[in-house]
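A short reminder: the numbers here are calculations on the coordinates, not readings from a lab. These numbers were taken from a predicted model, which means no experiment stands behind them. Virtual Cβ from ideal backbone geometry, glycine too; neighbours counted across all protein chains shown.
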Amino acid sequence: MSDVVYEALLEAGALANDRFHVIAEHADNRLVFDRSYLGIQRSDCFVLVQITMNAGRELPQKKALFEAIAHGFELRAGVPREDVLINLVEVPKENWSFGNGVAQYAP
């Protein structure tokens, strides 16, 4: 699933090798979600993908990213697309430090 997200992000304009993922599994009683929010039926296969990314991508890029992840999860991991919730958190470029206490993207 990490590969699916990474490949979709590359298509959306992320830089090659910009791959920093946190993957956490939760027991059933530690993951609370509505099984029919917005009329979408969810199962026990529910997956939440939250991506923190640089601000500035256009809506068509975001929609393509959502589609690529949902399709990839279904095709490569057997997770029904209805069970894939994706949330984007957009931040200014200067809010990143990839090490050494330096804001690498800051002007």
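Across region 20-76, what is the total count of residues that are assigned to a helix (DSSP H, G or I), within 14 Å of residue 87 (Cβ to Cβ), in contact (Cβ under 8 Å) with a residue 24 or more places away in the chain and not β-branched (Val, Ile, Thr)?
2
Report every pair of residues separated by at least 6 positions or lying on different chains whose Cβ atoms are under 6 Å apart, first residue within region 90-107 and more than 20 Å from residue 12 (Cβ to Cβ), second of a type in the set (Asp, Glu).
Going by the 6 Å Cβ cut-off, the qualifying pairs are 103/94; 106/94.
Criterion first (more than 20 Å from residue 4 (Cα to Cα) and surrounded by 12 or more Cβ atoms within 10 Å (Cβ to Cβ)) does residue 40 satisfy it? Steps first, please.
Working: more than 20 Å from residue 4 (Cα to Cα): yes; surrounded by 12 or more Cβ atoms within 10 Å (Cβ to Cβ): yes.
Spelling it out, residue 40 is indeed more than 20 Å from residue 4 (Cα to Cα) and surrounded by 12 or more Cβ atoms within 10 Å (Cβ to Cβ).
In the set 55, 8, 70, which member is surrounded by 13 or more Cβ atoms within 10 Å (Cβ to Cβ) and either touching a Ser or Thr at 6+ places or on another chain (Cβ under 7 Å) or within 28 Å of residue 105 (Cα to Cα) (or both)? Give the derivation first.
Numbers: 55 fails: surrounded by 13 or more Cβ atoms within 10 Å (Cβ to Cβ); 70 fails: either touching a Ser or Thr at 6+ places or on another chain (Cβ under 7 Å) or within 28 Å of residue 105 (Cα to Cα) (or both).
On inspection, the qualifying residue turns out to be 8.
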